[in-house]
Amino acid sequence: MELVTEPVIHSAKQAGDFARELQLLLRTLGVSEANMEKGEMRVEPNISISDDPHTFGTKVEVKNLNSFRSVERAIEYELVRMQALYEAGRQDEIVQETRGWDESKQSTFSQRSKENANDYRYFPDPDIPKFMLNELFDMGTLKASLAELPWQKRDRYKADFLLSDDVIEVLVTDQRMGNYFEEVVRMLKKPALAVLVSNYLVSDLSGLIKKGGSYPSVANFSKLISMVSEEKITSRGAKDILTRISEKDADPEGIAEREGLLQQNDEEALRGIVQKIIADKADLVAQYKAGKETVVQALVGVMMKETKGSANPQMALTLFKEELSK
């Protein structure tokens, strides 16, 4: 399948963005994986410049570009080359031709010239009749049968879940992660938790997957998110549990109970730990009392380490300030 656009693209970045969005659309619709490195998609930009906004200049076509980076760099190179010829009064040296892209030299090179459309040997195939697709198919029915398109999904994520643009782009581009996100939010039945889900998914779980981990079951990931939202575990404890369930899928509550990661909210028990840390960290206490109040965060860090991240960090902070003020 070949797609030819109208001449409405005006920069290398715009061309690259268009090609990426086209690839995403093809994958969303199940047309093709469109992997450029496997030859399943190629981009061949036609480039021209002109000092008259109503007239196109002589076009050059760069053939068989197999990466989005090459698309952008080849266009940028051609724009610079053509501009230099224009400024030198040598615009007649810009000829309609096919050029290639040399990745090692980061430059284009001439392959063959084509003076007019006849050189392309266009002719109608006598064995293929004309098809008027709008007469063969009902456009409304076809549109209704399509999967949710990338730009529609972006709008929905923004409106329904209030996600940031960067997070939305990750979830829309990575279809598996996007589907997983949707399943988790659906299981939780609390759209307000969507931002929390996306944070642990995009920032933490994706990093673990890159290191060899895998997606835990939707049920266990959902349970982990519920535990965080209900303050049964701290964010530190949640990350420790997430690491474990990405290595071997298991019940997050069971892990939290076995490893003492359930959040401690017993004020008296925490106060005892605070007092012990103050006695052990005389140097940090001295800095705090000398006016360096930010040191209290270091003391809270010691607390979190000693409790394996199970202490309520806000309660620990309050207790440290109370004890240090005595």
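Does S235 meet the test of being small (G, A, S) and over 30 Å from L29 (Cβ atoms)?
yes
Do we have T294 as touching a Phe, Trp or Tyr at 6+ places or on another chain (Cβ under 9 Å) and over 19 Å from G213 (Cβ atoms) here? In short, yes.
Can you name the residue in the range 152-176 that is among the hydrophobic types (A, V, I, L, M, F, W, C) and free of Cβ contacts under 8 Å to residues at least 40 places away in the same chain and, of all such residues, is surrounded by the fewest Cβ atoms within 10 Å (Cβ to Cβ)? Show your work before the answer.
From the range 152-176, those among the hydrophobic types (A, V, I, L, M, F, W, C) are 159, 161-163, 167-168, 170-172; that's our starting set.
After this cut, where a residue has to be free of Cβ contacts under 8 Å to residues at least 40 places away in the same chain as well, the list is 159, 161-163, 167-168, 170-171.
Details: A159: 9, F161: 20, L162: 11, L163: 23, V167: 19, I168: 20, V170: 18, L171: 22.
Result: A159.
One residue alone among S198, S203 is of a type outside the set (F, W, Y), exposed (fewer than 13 other Cβ atoms within 10 Å of the Cβ) and in a helix (DSSP H, G or I), and that residue is S203.
Is the range 39-47 home to any residue that is touching a Ser or Thr at 6+ places or on another chain (Cβ under 6 Å) and farther than 15 Å from Q23 by Cα? Step through it out loud before you land on a result.
Within the range 39-47, the first condition is being touching a Ser or Thr at 6+ places or on another chain (Cβ under 6 Å), and the residues that meet it are 40.
Then keep just the ones that are farther than 15 Å from Q23 by Cα; that gives none.
So far as the range 39-47 goes, no, none of its residues is touching a Ser or Thr at 6+ places or on another chain (Cβ under 6 Å) and farther than 15 Å from Q23 by Cα.
A quick yes/no check of all residues on (1) under 30 Å from S222 (Cα atoms); (2) aromatic (F, W, Y); (3) more than 35 Å from the chain's Cα centre (by Cα):
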{"site": "I255", "(1), (2), (3)": "yes, no, no"}
{"site": "G260", "(1), (2), (3)": "yes, no, no"}
{"site": "Q264", "(1), (2), (3)": "yes, no, yes"}
{"site": "K276", "(1), (2), (3)": "no, no, yes"}
{"site": "K281", "(1), (2), (3)": "no, no, yes"}
{"site": "E293", "(1), (2), (3)": "no, no, yes"}
{"site": "Q297", "(1), (2), (3)": "no, no, no"}
{"site": "G309", "(1), (2), (3)": "yes, no, no"}
{"site": "M315", "(1), (2), (3)": "yes, no, yes"}
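Per the listing S246, S214, the residue uniquely closer than 27 Å to Y200 by Cβ, of a type outside the set (D, E) and touching a residue at least 40 places away in the same chain (Cβ under 8 Å) is S246.
Of the residues making up the range 1-48, those that are among the polar types (S, T, N, Q) and closer than 18 Å to W101 by Cα are S11, N46, S48. Scanning the range 184-195 for residues that are crowded, with 17+ Cβ neighbours inside 10 Å and either assigned by TED's automatic domain parsing to the domain that holds L29 or under 23 Å from W151 (Cα atoms) (or both) yields V184, V185, L193, A194. Would you confirm, using the coordinates I've provided, whether E97 is surrounded by 15 or more Cβ atoms within 10 Å (Cβ to Cβ), modelled with pLDDT under 95 and touching a strand residue (DSSP E or B) at 6+ places or on another chain (Cβ under 9 Å)? For E97, the condition - surrounded by 15 or more Cβ atoms within 10 Å (Cβ to Cβ), modelled with pLDDT under 95 and touching a strand residue (DSSP E or B) at 6+ places or on another chain (Cβ under 9 Å) - is met. Taking the range 105-130 as the range and being at pLDDT 90 or above and among the basic types (K, R) as the test, only K105 passes. Looking across the range 275-326, the residues that are among the hydroxyl-bearing types (S, T, Y) and either touching a helix residue (DSSP H, G or I) at 6+ places or on another chain (Cβ under 7 Å) or closer than 26 Å to S235 by Cα (or both) come down to Y288, T294, T307, S310, T318.
Filtering the range 4-30 to residues that are in contact with a helix residue (DSSP H, G or I) (Cβ under 8 Å, 6 or more places away or on another chain) and more than 26 Å from Q91 (Cα to Cα) leaves G16, A19, R20, E21, Q23, L24, L25, R27, T28. Within the range 22-49, the residues that satisfy the criterion of being surrounded by fewer than 13 Cβ atoms within 10 Å (Cβ to Cβ) and out of contact with any Asp or Glu (no Cβ under 8 Å at 6 or more places or on another chain) are L29, G30, V31, N35, E37, K38, G39.
The values are calculated or read from the model by the stated rules, or taken from the named source; none is laboratory data. All figures in this text were calculated on a predicted structure; none of them were measured in a lab. Cβ: placed from backbone, ideal geometry, glycine included. Neighbour counts: every protein chain shown.
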